[in-house]
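These notes concern the structure reproduced below.
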Amino acid sequence: MKRVAVALIATSMLMTAVSVGFAKDLTTTGLEEAFIDAVGTCGPSSSMAGALGKSEDPAVKIALRDALIAEAADDAAAVAGSNKAHSDCIRKDLTSRGYTDNDMAALPYCVKHDWPSPFDSLGVCVKSHSRLEGVLNKK
């Protein structure tokens with residue numbers, strides 16, 4: 001009976017340690033999902049959203065959607081000229097989902113270079129470029 005109790009305690013401690021380790025580091029899919037959720041939670045920050053709903057042309061809708069995604073990535077990185085309220089909302093949401101400052105700094109580059117379609121490899125790009133951002137920003 002003692003052995004079973006010790007085995008259960010050891011197993012639960014091991015599983016807790018593993019889950020804590022995963023909670024700190026988002027997977028590439030987790031990075032993509034967190035960004036999509038943050039954009040959905042905070043909504044668009046410009047009048048492009050109104051134009052998106054009024055257009056019937058599929059090519060225009062795709063272009064406007066891509067522009068909204070790029071704008072949200074810029075707001076997440078808090079680049080100059082971004083909407084402060086929208087930027088704060090997206091940054092707060094991404095931080096609560098596990099994004100680091102380096103991850104958010106990598107978002108604009110990754111969104112602009114993630115083609116042929118948004119989110120094909122956004123998480124992979126953010127993960128690799130956030131490491132680069134971390135190295136470049138060390139003091």
Test result for residue 107, modelled with pLDDT under 85, within 24 Å of residue 30 (Cα to Cα) and assigned to a helix (DSSP H, G or I) | yes
Scanning for something in contact with a Leu (Cβ under 9 Å, 6 or more places away or on another chain), farther than 22 Å from residue 29 by Cα and either at pLDDT 85 or above or not β-branched (Val, Ile, Thr) (or both), does the stretch 119-132 turn up at least one residue?
-> no
Restricting the stretch 34-50 to residues that are at pLDDT below 70 and part of a helix (DSSP H, G or I), the residue that is farthest from residue 83 (Cα to Cα) = 50
Check on residue 66, surrounded by 14 or more Cβ atoms within 10 Å (Cβ to Cβ), on the phi < 0 side of the Ramachandran plot and modelled with pLDDT under 85 = yes
Of (1) surrounded by fewer than 13 Cβ atoms within 10 Å (Cβ to Cβ); (2) assigned to a loop (DSSP other than H, G, I, E, B); (3) at pLDDT 80 or above; (4) not hydroxyl-bearing (Ser, Thr, Tyr), residue 98 satisfies every one except (1)
Return only the number of the condition from (1) modelled with pLDDT under 75; (2) open to solvent by 60 Å² or more (accessible area, probe 1.4 Å); (3) of a type in the set (Gly, Ala, Ser); (4) not in a helix (DSSP H, G or I) that residue 81 does not satisfy.
-> (1)
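The values are calculated or read from the model by the stated rules, or taken from the named source; none is laboratory data. If you're wondering where the values come from, they're calculated on a predicted model, not measured in any experiment. Glycine gets a Cβ as well: all are built from the backbone with ideal geometry, and neighbour counts include every protein chain shown. Only protein heavy atoms, including side chains, enter the accessible area calculation; ligands, DNA and RNA are left aside. Shrake-Rupley method; radii C 1.70, N 1.55, O 1.52, S 1.80 Å.
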